[in-house]
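What follows is a short report on a single structure.
The values are calculated or read from the model by the stated rules, or taken from the named source; none is laboratory data. Here the structure is a predicted model, which means the values were calculated and not measured. Neighbour counts run over all protein chains shown; Cβ positions are idealised from the backbone, glycine included. Remember, those area values only see protein heavy atoms, side chains included, never the ligands or the DNA or RNA. Shrake-Rupley method; radii C 1.70, N 1.55, O 1.52, S 1.80 Å.
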Amino acid sequence: VLNAQDYNIPQNRTRWFMICVKKTFSDREFIFPDKIPLNKTMEKDIIDYSFKGEHIINNDMKECFVEKNLNLNKEPSRSGIITLLDALKEGYVKSGFLCSKVYSTKGICPTITCSNHLHLYGKGVKGKLIPLERWRLMGLPEQKLKLLKDNDISDRQINIITGNGIVVDVFYHISKQLKKLYF
């Protein structure tokens, strides 16, 4: 089980990987790649400060974005996520999962999903991630997002791609290790 944040992507995205090799290589044990220090941050590398629109906020969550309700000095969890507000616990909403929490951009982003229900708060963000920010959290090249947009691929379809994807940086390091050991 590898986590994207262990390969320099500020997202707590754990995925299970299995490596199978030909019997002729059975004398060489596959060793998963070493962790890479996390140097990227949400605020420095992910948030798109050139975005001039408003980040979408679920209607039942709008009241939660009143600054007096958000404790901006909370400490991160062991995974590096900073939950600023649990709207379900605080009584702002009656039910919910990720869509009932507000996370700080100072911490690690929780796993992004296809539904894009993550609400973030911090420098440059007050609501859900935009497609470019989700794209960056998957380690995908920005010119490929432009290609999708130029071909009328919707934000919803981009959410599905990013929510179901494997972080490129993790896959890159696995591939590099495979090449080193078997080719």
For LYS35, the accessible surface traced by a 1.4 Å probe with all protein chains present amounts, in square angstrom to the nearest 10, to 150
Write down the percent of antiparallel bridges among all DSSP beta bridges whose residues are both part of the chain, to the nearest 5.
55
Excluding same-chain residues fewer than 8 positions from LYS126, which lysines have a Cα within less than 19 Å of its Cα?
LYS44, LYS52, LYS62, LYS68, LYS74, LYS101, LYS106
Tell me, what % of the accessible area of the chain is carbon and sulfur with a 1.4 angstrom probe?
54
At 7 Å along Cα-to-Cβ for each site, give me the label-to-label distance between GLU54 and ARG78 in nm.
4.0
Taking only the C-alpha atoms, wrap a convex hull around segment 76-161 and report its volume per residue in Å³ as a whole number.
103
Residues with amide H under 5 Å of ASN12's amide H, sequence separation 5 or more or different chain, H placed in the peptide plane at 1.01 Å from N; which?
CYS109, THR111
Once PHE17, PHE32, PHE171 are ranked on solvent-accessible area with the largest value leading and a 1.4 Å probe, the list reads PHE171, PHE32, PHE17
Once all protein chains are kept in place, GLU75 shows an accessible area at probe 1.4 Å, nearest 10 Å², of 150
Where does the charge balance sit around THR14 when Lys and Arg score +1, Asp and Glu -1, over other residues with C-beta under 15 Å from its C-beta?
+2
Residue by residue through segment 75-81, the couplings from Karplus 6.51 cos²θ - 1.76 cosθ + 1.60 with θ = phi - 60°, in Hz, x for Gly and Pro, are 8, x, 6, 4, 7, x, 7
Have a look at ILE81, ILE153, ILE130 and tell me which one the Gaussian network model of the chain (Cα, springs below 10 Å) gives the largest fluctuation.
ILE153
Once you treat every alpha carbon in segment 1-59 as an equal point and sum by Debye, what is log10 I(q)/I(0) at q = 0.13, 0.14, 0.17, 0.28 Å⁻¹?
-0.58, -0.63, -0.77, -1.11
Return the calculated 222 nm mean residue ellipticity for the chain, to the nearest 500 deg cm²/dmol, obtained by summing -39500 (n - 2.57) across DSSP H runs with n ≥ 4 and dividing by the residue count.
-7000 deg cm²/dmol
Area accessible to solvent at SER95, 1.4 Å probe radius, in Å²:
80
For ASP60, ASP34, ASP86, give me the order by solvent-accessible area with a 1.4 Å probe, most accessible first, ignoring ligands, DNA and RNA.
ASP34, ASP60, ASP86
Here segment 102-111 yields Karplus 3J(HN,Hα) values (6.51, -1.76, 1.60; θ = phi - 60°; whole Hz; Gly and Pro given as x) of 10, 10, 7, 6, 7, x, 7, 6, x, 4
Under-5 Å amide H pairs with LEU84, H placed in peptide plane, nonlocal only:
VAL102, TYR103, SER104
Mind checking the full-extension length gain between LYS146 and ILE31? Use 0.36 nm per residue of separation minus the Cα-Cα distance, one decimal, nm.
37.8 nm
Å² of accessible area per residue within the chain, as computed with a 1.4 Å probe and no ligands counted:
60
Interchain or long-range residues, amide H under 5 Å from ILE153's placed H:
none
